[in-house]
Amino acid sequence: MTSLQTRAAALEAPKVLVARGPRRWRGWAGGAAALAVVALASTFITYGLGALGDANPAAAVLGETATPADIARMSHEFGLDRPFLEQYVTWLGHALTGDLGRSWFTQIPVAESIAERLPVDLSITGLAVLIAVLAGGTAGIGAAVSNGGRFDRIVTAVCALASTLPAFVAGIGLIVVFAVIVPVFPSGGYVPPGEDPVQWLRLITLPAVALSLDTAADLARQLRTGLVAALRENYVTGAVVRGLPARRVLLRHALRNAAGPAITVLGVHIPRLIGGAVVTEAVFALPGLGQLTGEAALKHDVPVVQGALLATIALVLVSNLVVNGVVARLRGAR
């Protein structure tokens with residue numbers, strides 16, 4: 001490259017950097033707007049499913065001896081005699097301030113009930129994500145380095161088995177092996193981490209492992225595929241020719257480019273992990289959000305069901321926002 005070409009490239013570089021900033025901000029603004037639309041639509045559907053149900057909460061609360069006048073009075077107190085859109089706007093406005101209403105039967109604030117149960121699901125889901133990242137990431141990197149070797153074939157076979165195993169089946173198997181045959185972990189129950197951190201970790205380990213298998217398998221396969229392709233790129237060959245250590249080439253060059261699709265796969269699985277945590281609650285007798293929602297649904301306690309669904313939607317949207325931010329950061333660092 002001549003000196004004239006070098007100066008021209010130097011003059012052009014700032015323009016590229018300046019142009020990249022607005023594009024990045026526009027991308028983030030577009031993503032935030034899309035999430036806002038999804039959140040609004042989700043809240044509308046959530047409220048509509050409860051409001052349009054055929055249950056009569058006033059009659060259920062007052063009992064069989066209630067008169068039509070009593071039912072009409074209770075319906076007015078619940079605000080059920082107002083137009084649907086007016087009910088929805090009022091409910092959404094209160095929800096944005098953290099007021100999810102009260103249970104029709106216990107009169108306990110829904111937000112308090114969710115705050116009491118949600119840490120159970122967050123504990124399981126958080127540990128499941130950590131296990132999936134560590135196990136899936138290690139297996140995927142090892143399989144890519146092996147690439148056709150024995151370890152690669154073992155990882156492929158294990159991932160194929162793990163991805164077809166439902167979480168509740170894996171949970172039952174883990175209970176039989178690690179709580180009955182080899183009693184290392186408890187078979188169920190829950191204590192808050194502030195009360196007994198060691199027992200808390202022992203109680204959520206088996207549910208988290210059962211929940212993480214499918215995610216770890218897909219993460220390992222995606223990371224293995226991306227790394228195999230990245231290791232064949234010219235920049236990797238150039239780094240090897242320059243004499244850079246193999247570990248540095250793998251972890252700082254190839255892995256950075258292969259991690260984006262793998263993190264996207266993890267983001268797709270997070271809603272499944274949150275939903276799967278509800279299923280594993282029944283297997284491991286955990287007092288989480290799923291148990292609260294199931295009990296409320298049996299009694300037609302609509303505010304509790306709506307609040308639990310709204311909390312789940314918020315978790316999914318926040319997790320997707322975090323994943324999108326991490327992927328954008330990786331792309332910007334290239």
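So between residue 279 and residue 225, what do we pick up on full extension, going 0.36 nm a residue minus the alpha carbon distance? If you can, show how the numbers build up before the last one.
On the way: separation 54, 0.36 × 54 = 19.44 nm, distance 3.07 nm.
Stretched fully, the residue 279-residue 225 segment lengthens by 16.4 nm.
Remark: spin-label model distance residue 150-residue 314 equals 5.2 nm, labels positioned 7 Å along the Cα→Cβ axis. Along the Cα-to-C-beta direction of residue 165, a point sits 7 Å from the Cα; which residues of the stretch 206-246 have their amide N less than 17 Å from that point? Hits in the stretch 206-246 for residue 165 at 17 Å: 206-221.
Taking the Cα centre of the stretch 189-334 as origin, sum charge times position over the Cβ atoms of Lys and Arg (+1) and Asp and Glu (-1), and report the length of that vector in debye to the nearest 20. That gives the stretch 189-334 a dipole magnitude of about 1220 debye. Under the criterion of Cα pairs below 8 Å and six or more residues apart, the relative contact order for the stretch 221-309 equals 22 percent. Between the listed residues 215, 294, 241, the Cα displaced farthest toward the positive end of the dipole of the stretch 211-294, a dipole computed from Cβ unit charges relative to the Cα centre, is found at 241.
For the pair residue 115 and residue 297 in one chain, pulling the backbone fully straight at 0.36 nm per residue adds 63.7 nm over the alpha carbon distance. Calculate, for residue 329 and residue 90, the FRET efficiency according to 1/(1 + (r/R0)^6) with r their C-beta to C-beta distance and R0 35 Å; round to the nearest 0.05. The value I calculate is 0.35.
Rule-based calculations on the coordinates, nothing more; no lab input. As the structure is a computational prediction, the values presented were derived from the model and not from experiment. Backbone-built Cβ (ideal geometry, glycine too); neighbour counts: all protein chains shown.
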